[in-house]
1. Would you say residue A:206 is surrounded by 12 or more Cβ atoms within 10 Å (Cβ to Cβ), in a strand (DSSP E or B) and touching a strand residue (DSSP E or B) at 6+ places or on another chain (Cβ under 6 Å)?
2. Could you tell me which residue of region A:183-201 is surrounded by the most Cβ atoms within 10 Å (Cβ to Cβ), considering only residues that are in contact with a strand residue (DSSP E or B) (Cβ under 7 Å, 6 or more places away or on another chain) and more than 12 Å from residue A:156 (Cβ to Cβ)?
3. So which of B:52, B:11 is farther than 27 Å from residue B:301 by Cα and either at pLDDT below 95 or under 19 Å from the mean Cα position of the chain (by Cα) (or both)?
4. Counting only residues that are under 20 Å from the mean Cα position of the chain (by Cα) and in a strand (DSSP E or B), how many does region B:228-247 have?
5. State whether one or more residues within region A:5-18 are more than 9 Å from chain B (Cβ to nearest Cβ) and out of contact with any strand residue (DSSP E or B) (no Cβ under 8 Å at 6 or more places or on another chain).
6. Could you check how many residues of region B:54-68 are more than 10 Å from chain A (Cβ to nearest Cβ) and either touching a helix residue (DSSP H, G or I) at 6+ places or on another chain (Cβ under 8 Å) or within 20 Å of residue A:65 (Cβ to Cβ) (or both)?
7. Taking the options B:32, B:25, name whichever one is more than 9 Å from chain A (Cβ to nearest Cβ) and over 23 Å from residue A:100 (Cβ atoms).
């Protein structure tokens, strides 16, 4: 997977940190997660082709997470896009977009599909052979969901020499690939784990957008490869975090630890803080492998 | 007056030319004219304080002219703005904005007033002691108005020595300032024009947003100090200009000439053209004082 941070600020954009958006390459798809104002400009700045976007996932209807969507959808049309676009997001998002398209008398050149997310129950919202996406209910001032993107495990490979030595049939191969042991004509059993290997390790990415600290998320994202968790505040503003339904760096680190995540990415910083070092300093003692987001950051995993 | 070009592209933003927006200082007010996506970021880049904005004028509901408005309105709120904001624009603009504020459960910290513009009849839509603003119906695919901003003429000054020599009373002074001649006790008449002068020359700015060439605009903006006129195309794409209800550089120059404008500013260039030189080359033989817009351009007049 490859993740590019498009915007990393909370609430209001600055000239260096724009509002929330990330671009994920996973399962052969281009995935835009949240779409703050100016995302289409930022994507150009980071040399990401707009047409690479297949899916858009919107966590909630606070403007810093979706005000750039209508512009992106319009630009796709003006560029003559023909491939369909699927937008996963909260109820009423389709009304906001469609109202603006109608008032500008725009009939899109491509099919635009909205899939409404359920803010209450975690569920699989997309699945194909290569990837599965689930929604994760969060705890914010308005209905909000996070998202978990999981690559599907590939079938294992069988040792080449073993195939030759035992002259395996297609039926044997399918059986072993699907987990079976091999028993030869003499009745000798070869355990599946001894004759197969996995070249491909499936990765996963969890996007935990605006939320209060919600410990039960950990179970839903257990063993995730990369966990993004918002850290609007430091612990010095714990009261404010609770009051505004946001999280601190400490809380994000606690969640990453209890989820047994491999890596933690933090962002959505309040403009009250001048740089992100203090966020890492607060998180790292609890979860050492913590990276602060900045606009343009790329992570391969 | 002082004009800053915030965005100068048509339809789709590039990294160097964002979509339509301009900031005008006139009559003691900060005036934002159109508000393409990312305007609030561009204003920061050009060091214009967001709180300097008193009025917003939106020409029409194509996204490249207003998709940044909802973000700006939200940011004002998040910054704790208290002074009212007046938005002049087409019917339904208020619905678009209010729907998004309601869905994010935002109750603004300041008063937001919408004034609906009439797309059919030119009319005065704002007036105070220092400035008058009129709407100018344009000819585009959807209802569109331009705007004319006129500083009000100041009362003239009276030559100081004349006041002393003739020991003018307050009544005399008021009478002369309002155009009267002065007649002294001997019956000698001093003509108004011989004893007064104007330090202040009132300026005007016309913003002619998206439109087909519409020669009768010239009369409405006659003798304007600075005329902005869109030039989406060059004459080599005259057919396309007509088809899409836009203007060419030649047509903008013709309008500036027949309006007897002092200066012409052109912009809203199609991305089909790589630079703006060709636009000036086409306009200048007809109207020499032509300036091409770029993001960040400042004009004092």
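1. yes
2. Top of the filtered list is A:190.
3. On the way: B:52 fails: farther than 27 Å from residue B:301 by Cα.
The conditions single out B:11.
4. Result for region B:228-247: 3.
5. yes
6. To start, the set of residues in region B:54-68 that are more than 10 Å from chain A (Cβ to nearest Cβ) comprises B:54-59.
Still in the running and either touching a helix residue (DSSP H, G or I) at 6+ places or on another chain (Cβ under 8 Å) or within 20 Å of residue A:65 (Cβ to Cβ) (or both): B:56, B:58-59.
Total meeting the criteria: 3.
7. Numbers: B:32 fails: over 23 Å from residue A:100 (Cβ atoms).
Matching residue, one of B:32, B:25: B:25.
One line per residue, one yes/no per condition, for (1) within 21 Å of residue A:23 (Cα to Cα); (2) at the interface with another protein chain (Cβ under 9 Å from one of its Cβ atoms); (3) touching a helix residue (DSSP H, G or I) at 6+ places or on another chain (Cβ under 7 Å):
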residue: A:77; (1), (2), (3): yes, no, no
residue: A:82; (1), (2), (3): yes, no, no
residue: A:105; (1), (2), (3): no, yes, no
residue: A:108; (1), (2), (3): no, no, yes
residue: A:112; (1), (2), (3): yes, no, yes
residue: A:115; (1), (2), (3): yes, no, no
residue: A:119; (1), (2), (3): no, no, no
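The values are calculated or read from the model by the stated rules, or taken from the named source; none is laboratory data. Here the structure is a predicted model, which is why all the values come from computation and not from measurement. Cβ: placed from backbone, ideal geometry, glycine included. Neighbour counts: every protein chain shown.
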